[in-house]
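Chemist: Below is the structure I would like to discuss, written out as structure tokens.
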Amino acid sequence: MEEELKCPVCGSLFKDPILLPCSHNVCLACARNITVQTPDGETPVQSRASSDYDYLDMDKMSLYSETDSGYGSYTPCQLKSPNGVRVFPPANHHRHCSLTCPLCHRSVSLDERGLRGFPRNRLLEAITARYQQNRRVASTGSASTAVKCQLCDRNPVDATVMCEQCDVYYCNACQQRCHPSRGPLAKHRLVPPPNRAAGGGGAASVGQLPPATARKPATCVDHEAENFNMYCYSCKAPVCMKCLEEGKHAKHDVKPLAVMWKQHKCQISQALNGVSDKAKDAKEFLVQLKNMLQQIQENGVEFEACLVAQCDSLIEALTRQKAKLLTKVTKEKEYKLKVVRDQITHCTMKLRQTTGMMEFCLEVLKENDPSGFLQISDPLIKRVTSSQDQWVKGALEPKVGSEFDLTLNTDSLLQTILQLDFCQGKDVQESPLFIQMQAADSGEAEMEAETESPGVESGPSVPAAPFLQLEKCCTRDNSATLAWRVTVPSPSPIEGYILELDDGNGGQYREVYVGKETVCTVDGLHFNSSYNARVKAYNAVGVGPYSKTVVLKTSDVAWFTFDPTTAHRDIVLTNDNQTVSCSSYDDRVVLGTAAFSKGIHYWEVRVDRYDNHPDPAFGIARINTMKDMMLGKDDKAWAMYVDNNRSWFMHNNSHTNRAEGGIAKGSTVGILLDLNHHTLTFYINKVQHGPTAFESLDGVFVPAVSLNRNVQATILTGLEVPKNSKQ
């Protein structure tokens with residue numbers, strides 16, 4: 001409530017508040033400060049110029065719209081009060097005065113009575129006094145009933161008298177100075193303050209202001225001796241009997257003051273009931289929000305626990321599978337070791353036998369007895385010949401190789417892990433590959449794909465809408481595979497199907513496949529995009545309705561390798577087409593398997609071998625770029641070629657932007673293709689190398705590398721965009 005009891009000019013609690021015609025209140029002293037005097041024949045606007053019009057348009061609107069409201073014209077202000085409200089400094093040597101409300105900026109001209117023409121807001125004054133009294137009681141713990149002088153400038157002392165006509169409390173000094181008992185003031189009645197009249201400062205109850213109990217009824221502004229007893233309904237103001245007798249309100253609609261008092265009290269009470277209901281709703285809403293804070297905390301902890309449990313379950317399953325795979329590797333290793341050990345034992349035994357036989361034959365050859373030699377020569381010759389035949393072809397070859405014929409492909413699993421994300425809607429079921437079923441026309445999500453009803457036939461013989469099989473639909477990198485089947489037999493044989501996809505941005509559909517197959521793989525889609533797909537069947541009668549729509553989300557980042565089908569014949573690819581080398585001393589070009597036309601993509605090429613300081617090139621190209629020269633020498637490639645000391649950017653055989661710093665064995669060259677801004681930027685060892693290399697890039701681009709036999713490199717994909725980009 002304190003804000004309601006503060007003056008808009010001084011910012012303090014109201015002191016002697018007066019009621020302006022606009023229903024706003026100001027302190028009496030503040031009203032004197034904001035009163036403006038103007039010369040004869042000039043409006044307040046013409047009286048002074050101001051260079052500080054923060055709300056000039058509002059002021060002009062007030063000036064035009066209020067010319068008939070009785071408030072007069074607006075005067076711009078030049079000073080500000082401590083409360084931040086503009087006030088009007090008093091001026092001297094002027095004849096006409098006006099006062100502008102500091103809240104609504106409505107102006108009113110003062111008559112010959114000056115500020116005395118505005119009624120005092122006794123109710124506000126009493127409420128303010130009670131509020132101050134209650135605040136003092138709350139701060140001190142005791143209810144002081146001493147009434148202070150209202151005219152003391154600083155540190156007001158206790159009042160000794162009160163003027164019933166002026167309704168002002170005076171101390172002795174202020175009463176003698178400001179309210180002497182002579183002249184017109186001799187008729188005023190001075191009485192002791194209520195607290196003194198009650199017996200010299202007895203304690204009052206908390207929340208009860210003693211001066212308010214002695215406040216006399218309000219008197220008329222025009223007739224100070226008359227009390228208000230009627231209410232002018234036309235002027236919206238209380239009046240006395242003399243006001244009615246003198247004719248000022250004679251023709252106005254007047255009602256008894258008590259009747260209007262009760263009526264307005266009833267209206268305020270009813271309005272307060274409505275406000276109270278809203279306040280009650282607001283309190284309940286605040287309680288609901290506070291409870292929601294607690295629920296969010298609890299749900300967050302529970303959800304984090306579930307997430308950890310799910311991830312731990314995946315890790316545990318991966319650990320179990322790792323143990324199984326290690327067991328297979330161990331068995332394969334033990335089998336190979338056993339075979340090799342058996343072969344070693346067998347070969348050692350045969351070699352020992354052969355060696356012994358050879359030594360025996362040598363000793364036989366040393367004998368000079370012909371008859372003794374001939375006795376054993378025939379069987380010995382047969383034995384030597386038979387022993388030689390045992391070492392047939394293959395006997396001296398290993399039965400198993402040292403390499404393990406086991407290959408573990410983790411690309412698809414790693415891609416799925418990197419695509420692991422939350423479903424944004426609880427009422428939409430998504431497959432692990434981010435596939436959703438949606439209604440083709442209404443856009444409503446289909447909860448259970450297996451329970452959908454067959455499509456409604458557009459004619460008696462056209463095929464029904466095919467049913468897309470979610471369990472067979474999947475995405476991989478920037479390609480999507482879709483499968484469908486027919487749930488309702490068609491009277492006429494189905495001749496084929498038409499598969500349609502949009503552009504990945506919710507645009508128009510286009511045909512991507514027409515044929516009899518019920519499985520189709522679409523390549524060359526954009527990365528990090530969601531495509532809507534639908535299919536329909538046709539026969540000799542016509543084309544049937546569309547199936548439900550499938551939403552396919554491609555990978556956020558690109559996973560790709562070098563493409564052996566488009567590489568130069570001198571290019572040698574190993575490590576599942578991830579490592580490239582060359583058999584020629586001339587530069588040869590190899591392209592990647594991915595194609596980009598929008599989005600932001602980043603990949604790196606690691607230099608595995610670097611001999612004799614060659615200058616390989618890294619960048620992007622069109623699919624039809626030349627493959628038998630350095631990358632960037634034709635107009636279909638954009639590249640950076642670099643040696644061990646420096647680098648250049650090259651396109652269409654134009655060399656630009658030489659930059660210091662090169663590569664060595666183990667270095668990584670990063671390529672950032674930003675097709676949102678149509679730029680290409682290069683990095684060496686994850687630090688941007690040189691400025692932005694190329695701009696205004698549009699179309700379809702594939703990763704590209706050119707190198708000779710002195711270089712071997714491995715491509716690294718599926719990487720995040722570096723955070724230290726200068727773009």
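Chemist: Within the stretch 560-573, can you find the residues that are in contact with a Lys or Arg (Cβ under 9 Å, 6 or more places away or on another chain) and in a loop (DSSP other than H, G, I, E, B)?
Modeler: Thr566, Ala567, His568, Arg569, Asp570
Chemist: Return the residue satisfying two criteria in turn: it lies in the stretch 271-324 and is under 30 Å from Thr410 (Cβ atoms) and of a type in the set (Ser, Thr, Tyr), and of such residues it is farthest from the chain's Cα centre (by Cα).
Modeler: Filtering first and then ranking leaves Thr319.
Chemist: Among the residues of the stretch 503-528, write down those that are under 20 Å from Lys472 (Cα atoms) and part of a loop (DSSP other than H, G, I, E, B).
Modeler: Passing the criteria: Lys516, Glu517, Thr518, Asp523, Gly524, Leu525.
Chemist: Ok, one more. Show the residue pairs that are 6+ apart or on different chains and have beta-carbon atoms under 7 Å apart, the first residue being within the stretch 497-525 and modelled with pLDDT of 90 or more, the second being acidic (Asp, Glu) and not in a strand (DSSP E or B).
Modeler: Tyr509/Asp502
Chemist: Can Ser654 be described as among the hydroxyl-bearing types (Ser, Thr, Tyr), in contact (Cβ under 8 Å) with a residue 24 or more places away in the chain and out of contact with any helix residue (DSSP H, G or I) (no Cβ under 8 Å at 6 or more places or on another chain)?
Modeler: no
Chemist: Additional query: From the list Gly592, Gly666, which one is in contact (Cβ under 8 Å) with a residue 12 or more places away in the chain, out of contact with any Cys (no Cβ under 7 Å at 6 or more places or on another chain) and surrounded by 22 or more Cβ atoms within 10 Å (Cβ to Cβ)?
Modeler: After applying the criteria, what remains is Gly592.
Chemist: Are there any pairs, at least 6 apart or on different chains, whose C-beta atoms fall under 7 Å, with the first in the stretch 180-194 and in the same structural domain as Tyr170 (by TED's automatic domain parsing) and the second assigned to a helix (DSSP H, G or I) and β-branched (Val, Ile, Thr), and if so, which?
Modeler: Pro194/Thr213
Chemist: Among Val642, Val721, which is the only one that is among the aliphatic types (A, V, I, L, M) and over 30 Å from Leu413 (Cα atoms)?
Modeler: One residue alone meets the criteria, Val642.
Chemist: I'm told Ala594 meets every condition in (1) in contact with a Leu (Cβ under 7 Å, 6 or more places away or on another chain); (2) in a loop (DSSP other than H, G, I, E, B); (3) of a type outside the set (Lys, Arg) except one. Can you identify the failing condition by its number?
Modeler: For Ala594, the exception is condition (1).
Chemist: With respect to Val557, determine if the residue is of a type in the set (Val, Ile, Thr) and not in a loop (DSSP other than H, G, I, E, B).
Modeler: Judged against the criteria, Val557 is not a match.
Chemist: Within the group Thr128, Thr145, Thr140, which residue is surrounded by 12 or more Cβ atoms within 10 Å (Cβ to Cβ), under 29 Å from Gly11 (Cβ atoms) and modelled with pLDDT under 80?
Modeler: Thr145
Chemist: Residues that are closer than 30 Å to Asp674 by Cα, crowded, with 21+ Cβ neighbours inside 10 Å and either without any contact (Cβ under 8 Å) to a residue 40 or more places away in the chain or assigned by TED's automatic domain parsing to the domain that holds Val607 (or both): does the stretch 572-580 have at least one?
Modeler: Checked the stretch 572-580: at least one residue is closer than 30 Å to Asp674 by Cα, crowded, with 21+ Cβ neighbours inside 10 Å and either without any contact (Cβ under 8 Å) to a residue 40 or more places away in the chain or assigned by TED's automatic domain parsing to the domain that holds Val607 (or both).
Chemist: Just to be sure, is Thr668 among the β-branched types (Val, Ile, Thr) and within 15 Å of Val700 (Cα to Cα)?
Modeler: Spelling it out, it is not the case that Thr668 is among the β-branched types (Val, Ile, Thr) and within 15 Å of Val700 (Cα to Cα).
The values are calculated or read from the model by the stated rules, or taken from the named source; none is laboratory data. None of the values given here were measured: they were computed from a predicted structure. Every residue, glycine as well, gets a Cβ built from its backbone with ideal geometry; the counts of neighbours run over all protein chains shown.
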